[in-house]
Amino acid sequence: MDLAATRGVASRLEVLPAIGSTNAALSERAADAVAWPHLSMLLTDTQTAGRGRLDRSWTAPPGSSLAVSVLLRRLPADPGARGWISLAAGLAMAEAVAEQLPDRRVAVKWPNDVLVEGRKICGILAQAVRDAVIVGTGVNTSMTAAQLPVPTATSFAALGVVVDEDRLLSVYLRELDGRISDLVQAGDAVASGLHAAVSARCATIGADVRVTLPGERMLVGTAVAVDPAGRLVVLSAGQHVAVSAGDVVHVRPA
């Protein structure tokens with residue numbers, strides 16, 4: 001795979017023919033801060049033991065998707081602002097996907113998915129590792145319609161598009177770096193413009209949702225906003241409830 005543009009953005013790029021988990025592998029490498037600086041990337045098109053939110057496991061047919069992990073060392077001083085990293089990554093990937101699907105509606109689903117016409121094309125998992133954060137991203141690229149794991153998923157191939165992987169990755173990395181740099185400089189998501197940008201791209205806002213909360217509690221209502229702390233605000237039974245973590249299902253898209 002020709003990744004000249006991506007290599008021009010990443011501080012270091014390592015492409016592996018196959019790996020269990022890019023996040024786990026990059027976590028091991030991250031102990032060497034000199035060899036693996038800020039904006040290092042680990043990439044494969046065959047991940048055999050990927051992990052998602054809530055420690056869910058997932059696999060994809062070899063060569064049908066990209067598993068990408070990026071190491072972030074320049075982080076906001078306020079730990080609360082670091083909760084925006086997953087949303088910043090989702091926004092960055094949505095921008096990269098939208099460049100190659102200009103006639104499709106590309107959006108972010110709170111807190112960490114990218115949707116095309118309401119179907120998931122990408123999932124994101126951010127993990128703190130010592131004094132850094134690793135952002136893992138899985139993008140369905142050449143996965144056929146028959147290979148999609150669930151009816152609510154999609155891929156570039158299923159949409160009839162041959163993705164330019166180098167362009168996708170370079171735009172994603174550049175957008176992610178820019179959003180995180182702005183967040184670090186401004187100190188919070190509102191001042192940096194990240195809050196407004198995510199809100200504008202967020203398909204969850206305005207949708208009827210069912211949220212599974214920790215302890216298997218269920219919250220049903222309408223998502224009305226993402227607040228300055230990055231929490232999803234749900235109007236339920238006349239009350240505004242701020243959700244910091246939960247599994248969200250769009251009952252009715254906005």
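General observations
- Cross-chain or 6+ apart pairs with Cβ under 6 Å, the range 143-156 first and touching a residue at least 40 places away in the same chain (Cβ under 8 Å), then not in a loop (DSSP other than H, G, I, E, B): MET143/SER65; SER155/ASN140
- Against the conditions (1) in a helix (DSSP H, G or I); (2) within 18 Å of GLN47 (Cα to Cα), GLN127 satisfies every one except (1).
- Selected residue (only one of ALA107, ALA158, ALA96 is assigned to a helix (DSSP H, G or I) and of a type outside the set (Phe, Trp, Tyr)): ALA96
- Lone unmet requirement of (1) under 20 Å from ASP113 (Cβ atoms); (2) buried (at least 19 other Cβ atoms within 10 Å of the Cβ) for GLY206: (2)
- Check on SER155, more than 23 Å from SER11 (Cα to Cα) and crowded, with 22+ Cβ neighbours inside 10 Å: yes
- Total residues in the range 22-34, condition closer than 28 Å to GLY63 by Cβ and free of Cβ contacts under 8 Å to residues at least 60 places away in the same chain: 4
- Taking the range 22-42 as the range and being touching a helix residue (DSSP H, G or I) at 6+ places or on another chain (Cβ under 9 Å), part of a loop (DSSP other than H, G, I, E, B) and on the phi < 0 side of the Ramachandran plot as the test, the residues that pass are ALA35, TRP36, HIS38.
Quick note: the coordinates plus some simple rules give every number you see, no bench work behind them. This structure is a prediction, so every number in the text was calculated from the model and none was measured. In this analysis, Cβ positions are derived from the backbone assuming ideal geometry, glycine residues included, and neighbour counts consider all displayed protein chains.
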